[in-house]
Each structure stands twice: as structure tokens, then as C-alpha cells.
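Structure, as C-alpha cells:
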Amino acid sequence: MIEVTGPVDALALGARATIQSLRPFRGEIVGFRGDRALLAPFDPIEAIRPGARVAFEGGSPLVRPSRAWLGRVIDCFGNPVDGEGPLPQGTKPHLVRAAPPSAHDRARVGGRLDVGVRALNIFAAICRGQRMGVFSGSGVGKSVLMSMLARGAQADVIVIGLVGERGREVKEFIEDTLGEEGRRRSVVVVATSDETAARRRLAPHMACAVAEYFRDEGLDVLLLIDSVTRFAMAQREIGLSVGEPPTTKGYTPSVFAELPKLLERAGPGREGEHGSITALFTVLVDGDDHNEPIADAVRGILDGHIVMERSIAERGRYPAINVLKSISRLMPMCHTADENQLVGRARALLALYGEMEELIRIGAYKPGADAQVDEAVRVRDALEVLLAQNRDEQTSIKESFAMLAEALS
């Protein structure tokens, strides 16, 4: 944290500044200590020196996206980082940290979105303009699920925010996991784990600003941000440096104030306008505890949650989605009556098998003792095959329910 003095009218919260030291670097005012401003640096500060001059930039940061950004990789300032030359700038400026639309001005969510993943199309259907969370421990397959959605979802544009990612994985995600087909209709915003907390905090807001541009153009946007937890960690780091008191697990009050400001930016457009932002935010649950503070706060804000479990991944079924613990708040209204009947029956049989699994495995349950348990045992393998899906495989909603009906028959 850098302390800065200057004219009072220039020291505004959120203002950006450039420090002219042995080499110039940028920062943002995040708090005050007496008559001094506290600056969070965007760049490494190894060359800073006492008495360095500071130039402040007035107004809120703006970005000018355009359709030419599709297929490009940018940083948290909207600058290209893919080595493919400068980015053409659009004509209309967008606030990087825009306020979410008013609840009264917003349209309602649209029809269901085909995401190409059977487990989601059936058991956690997503509507256009809905916001979902993907809750998972590390190494359970969140990034692979994100790539499946980026390639298979029936959306016009994909905006991906990689927040706090390992630097090694960014190029692999873009070239291998996302692939040429997914990249052509995507804009990727990157802030790797070695970058400063201020950059990691800004990156998801930049992704939202780019998504809002395409939404205002009347397009259906799929926004994927991985992960909200690393955004919260960056905000915690800044909050503690400013002097905020730590609360649960060291997270500061500003973390829980900033989360809804970010998550609420996604959703349907304004009433009477076309375009929507369907968003999936991943949450890296600490120690596989799905009730830790960030997971609990995010779950209360979003319109549903997708739970990925390590035990499912360990037995080799991917995507490792626990469909019984995953909930979409817009089901069952987005399915037909026949589809809801199939989903209800499949859920009941999976839940019943889960209750009896230990007895079945040790041979304590005798076939014929209960007709429903017998049916659950009979269809269990077929349902497991249905839920397993290769990352290059895509299945439409119609095909998903045809496979479900066959599995239950």
C-alpha cells in the first residue's frame, strides 16, 4: 500500500494515478489515512522511491469494446496480451465498474439455454439471463466444464474472465481447452495469480463491461468467470492493507459488499431490449467445504448452483457434477410437464440408490425386498453413463431427454 499526498480535490476514491519513479507505474486510490490517500498498485513497485510525483486521472475508468475484440485475449485494462496487434476501439464508452441495472428496468429471464452438457440440460437447466455458480474444490474439473460450455452453449458471444489463474494454464486453456471454434466467438480477460491484487480485482469487472457491450448490441452473451473466490481474495488483500477489520476466515466486510456489485451485473437486459448475459461464476471452495464464507455468500445471491464433488471425480465420472445437490431456481418452469416427470423420477431413483448404496455393496440388501430399490439398482448404471460426457462431446436438450427416457426404460 502506497501513501500519497496531494490536492484534496484530486484524491478521490477509485481515481487512478501514475507514479513517476525510476520507471512509471499505475495504481488506484482505495482508501485514506488522515489527509493521505492509500494507493493499491497495478504494477510491481520495486522501483518506487520516496517523494516520487503522482499524476491523477479524473473520472471513472472507461473501455470501448467492439466486435473486432472477438477471438482476442486482453488484460484487466482492455489491452491486448495475445501478441496479435492493437485492438480496434469502439465508438461507445462503457464504464468498467458500471452499476447493475435497476430491478424495475430489467426484463425477465428468457427461454432455456442449450449448453450441450447433458447433466445440466436435464437436472440444472439454465435460462437466458440466469446466473449460476459452479462450486468445486481444486482439481475437480471446473476448467474442463467451462470449456465444454464455451464450445457447446447456444450463445452468440462468450466472454471468459480468468482471475488468478496459473500462468502456465492460460495458453493451454485458450489453445487446447477452448479450441479454435470456441475462441472465434470469445473474448478472454486474463489476470494471472502473480499479478497484483488490484489487477485481479479489476479483471472480472472488465469481463462484465465487455459482456454488457455485446448485450447492448442485442446479442445473447455467456459470461464465464473463474473464479469469484480469487476475486474475493484480492479484495480481502486490499481491504486488510487499508485497515479493514477481518471477519470470517479473514475476509473483510468490503468483500461481501463487492460480491453483489459484481454478480448482479449479469442477467437480462432492460425491458423492451434484446440481449442478455447468462453467467456462470466458479467458486473454489476452501478445503471442499461448501459452506465456507464465500461459497455461502455467492450461493445466496445467484439463481442456482452446480456442485462438483471430488468423490465423483475420483471414481472417473466427468463432469463430476452431483446432480442431487445441484439446483436451478428456474426449474421446473423451463421444462415441459413430461420432461419434469422424467427428471423427478430420475432424481428419486438416484436419491434412493444413494441411501441404500452401502447396504447394496456389502450384500445386505436382497433383491426383491423393495420394488423401488430394485428399480434404482437396475437403472443406476444407465444413469451414470448418461451423466458421464467427454469434453469434446455435445448433446442437445432434445437428445439429452431422449437418452434419459431410454436410461429409465
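The values are calculated or read from the model by the stated rules, or taken from the named source; none is laboratory data. On a predicted model such as this, the values are computed, not experimentally measured, just so you know. With ideal geometry, Cβ positions are generated from the backbone for all residues, glycine too; neighbour counts draw on all protein chains shown. Accessible surface areas use protein heavy atoms only, side chains included; no ligands, DNA or RNA. Shrake-Rupley method; radii C 1.70, N 1.55, O 1.52, S 1.80 Å.
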Interchain or sequence-distant (5+) residues whose placed amide H lies within less than 5 Å of the amide H of Leu223 are Val159, Thr278, Ala279, Leu280
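Order Glu57, Glu258 by their accessible area, 1.4 angstrom probe, all chains in place, largest first.
Values: Glu57 95, Glu258 40 Å².
From most exposed to least exposed: Glu57, Glu258.
State the percentage of accessible surface on the chain attributable to carbon and sulfur atoms; use a 1.4 Å probe and exclude ligands, DNA and RNA. Working shown, then result.
Numbers: 9190 of 18040 Å².
Here carbon and sulfur together make up 51 percent of the probe-accessible area.
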Residues in the range 124-144 near a label at Glu314, defined as backbone nitrogen under 16 Å from the 7 Å Cα→Cβ point? 137-141
What residue among Glu84, Glu237, Glu264 shows peak mean-square fluctuation when the chain is described by a Gaussian network model with Cα springs under 10 Å? Glu84
Rg ratio (alpha-carbon, reference 2.2 N^0.38 Å) - the chain: 1.08
Could you give me the ³J(HN,Hα) list for the range 32-37, computed from phi with Karplus coefficients 6.51, -1.76, 1.60 and θ = phi - 60°, whole Hz, x at Gly and Pro? 9, 9, x, 9, 10, 8
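Report the antiparallel proportion of the DSSP beta bridges in the chain as a percent, rounded to a multiple of 5.
Working: 29 of 59 bridges.
Antiparallel bridges: around 50 percent, rounded to the nearest 5.
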Heavy atoms only, probe 1.4 angstrom, no DNA, RNA or ligands counted: give me Arg215, Arg185, Arg270, Arg329 ranked by accessible area, highest first. Arg329, Arg270, Arg185, Arg215
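Using heavy-atom solvent-accessible surface (probe 1.4 Å) with all chains present, what is the largest-first order of Arg131, Arg183? Don't skip to the end; give the middle numbers.
Numbers: Arg131 20, Arg183 45 Å².
Per-residue accessible area, sorted high to low, gives Arg183, Arg131.
Would you mind counting up the charge near Ile160? Only other residues with Cβ under 12 Å from its Cβ, with Lys and Arg at +1 and Asp and Glu at -1. Working shown, then result.
Working: positive: Arg72, Arg151, Arg183, Arg185; negative: Glu165, Asp226.
After counting each charged neighbour, the total is +2.
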So with the 1.4 Å probe, I'd like the accessible area per residue for the range 2-57, rounded to whole Å². 57
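Can you give me the accessible area per residue for the range 238-377, using a 1.4 Å probe, in Å²?
Details: 6780 Å² over 140 residues.
Dividing the accessible area of the range 238-377 by its residue count gives 48 Å².
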